[in-house]
1. Taking 0.36 nm per residue of sequence separation and subtracting the Cα-Cα distance, how much length would be gained by fully extending the chain between residue 148 and residue 54, in nm to one decimal?
2. Calculate, for the stretch 1-110, the solvent-accessible area per residue in square angstrom, rolling a 1.4 angstrom probe over the heavy atoms of the protein chains.
3. Of 93/119; 40/272; 93/113; 46/77; 40/105, which pairs sit farther than 24 Å apart, going by alpha carbon to alpha carbon?
4. Could you give the length gained on full extension between residue 347 and residue 91, defined as 0.36 nm per residue of separation minus the Cα-Cα distance, in nm?
5. Send over a whole-number figure in Å² for the accessible area per residue of the stretch 254-294, probe 1.4 Å.
6. Give the peptides 75-88, 48-61, 213-226 in descending order of average Cβ contacts within 10 Å, highest first.
7. Place a point 7 Å from the Cα of residue 30 along the Cα-to-Cβ direction; which residues of the stretch 100-115 have their backbone N under 15 Å from it?
Amino acid sequence: MTIALDPDMPESPRIREIIDTVIYIPLETTPGATVGEVSKVIFRGKRIYIGDFESTESIYCFTAEGKFLFSIQNKGKGPGEYVSLNDFDVEEKSGRIFVHDSYTKAILIYDSKGQFIRKHVVRHIFTTFNLAGGRNAIAYAEYIPNPTLPGNPASNIFIFNYETGEIIDSFLPFDENLQLHMKIRGQINYTSYTREVSYIHDYFTNSIYSFENNSLSRRWIIDFGGKSIPKDFWKEGSPRTEMEEISDGRFCSGIANYQVAGNHIIGCYSYKNSVYMFIFDSRDQSVISIKNAVIQREQVFPVILAPPFHTDGENIVSVIEPAWFARLFELSTPGIFLPAGFEGLDIYSNPVLQIIKLK
């Protein structure tokens, strides 16, 4: 299926027309739970897990209502510690937390209370991963060759056993001589998880693949028409050239952030020095287009729609960062008021999660 996007088309009607309900979850701020930057959000059972890969390099666990439970803040080189928190996932039934340390090429496993269990050195290079059932995980290599892969070391997606490191299968071979990993620009996330299906966005083919029942298939192709970057560009172009031609409006960047949320796909891309967002409905293949971050004033409660996006499996999750709070308070006028739980929030508070259910 092709998702056809025209970056020059006018913006669609206001997003309130496709929003059903919005739920706000303020994350409790405590001395042990000060989230610096929300890199990844995972919903499992009645818990919410927040990964901060950039600022505190920690994982925070909250209840479904936002009450803080515990954190994993184990940066270091000792037992149970990681040098570089690169990604994490949570096992559905057990609640065990799997952490990828890209520096040591290892998977660290913690129990449902955040206590360290064991560490497995898997030796492979990858940027993101999802648990894929049993003892397997699916990983995205971001066009970095893996000498540990049997057969073709230049495979962009592979399945591995997280205990033994054994490669189960590999997909999407590429030409390692092109050094494509040096030309990737500003991708926020590659994977999405919904309804027990893993989705992976491949940067240079602008495709979203699904992995289900041990099978990988291409589900959607993002097509910008005449603005799509031609394949030969990657052989001759450089990141600087790409940026210049995107700024000039010759090309679109390809999607830099996306999520599959139930029947919808939300994503964003760069074009002419602006960020554009789109929402695709797989039921009727309709697309709406939005330029830059959106604050909807018409709602009883204000809605902020801004990347990076996350999902609880069915709905879009957008993070209201503390820097937005002052702006929201300005919107608190007759007919526009803030939900319960926003009182007292300031620049030092934790973010608020916005669960956006689309019609």
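The values are calculated or read from the model by the stated rules, or taken from the named source; none is laboratory data. In this text the structure is predicted, and so the values were computed from the model without any measurement. Cβ placement follows ideal geometry from the backbone for every residue including glycine, while neighbour counts extend to all protein chains displayed. In case anyone asks, the SASA skips ligands and DNA or RNA and just uses the protein heavy atoms, side chains included. Shrake-Rupley method; radii C 1.70, N 1.55, O 1.52, S 1.80 Å.
1. Values: separation 94, 0.36 × 94 = 33.84 nm, distance 2.75 nm.
Extending this stretch completely gives an extra 31.1 nm.
2. Here the per-residue accessible area is 46 Å².
3. On the way: 93/119 20 Å; 40/272 28 Å; 93/113 14 Å; 46/77 32 Å; 40/105 20 Å.
Going by Cα-Cα distance, 40/272; 46/77 fall outside the 24 Å limit.
4. In short, 88.9 nm is gained.
5. Result: 31 Å² of accessible area for each residue.
6. Numbers: 75-88: 15.8, 48-61: 20.3, 213-226: 14.0.
In decreasing order of mean packing, 75-88, 48-61, 213-226 become 48-61, 75-88, 213-226.
7. 113-115
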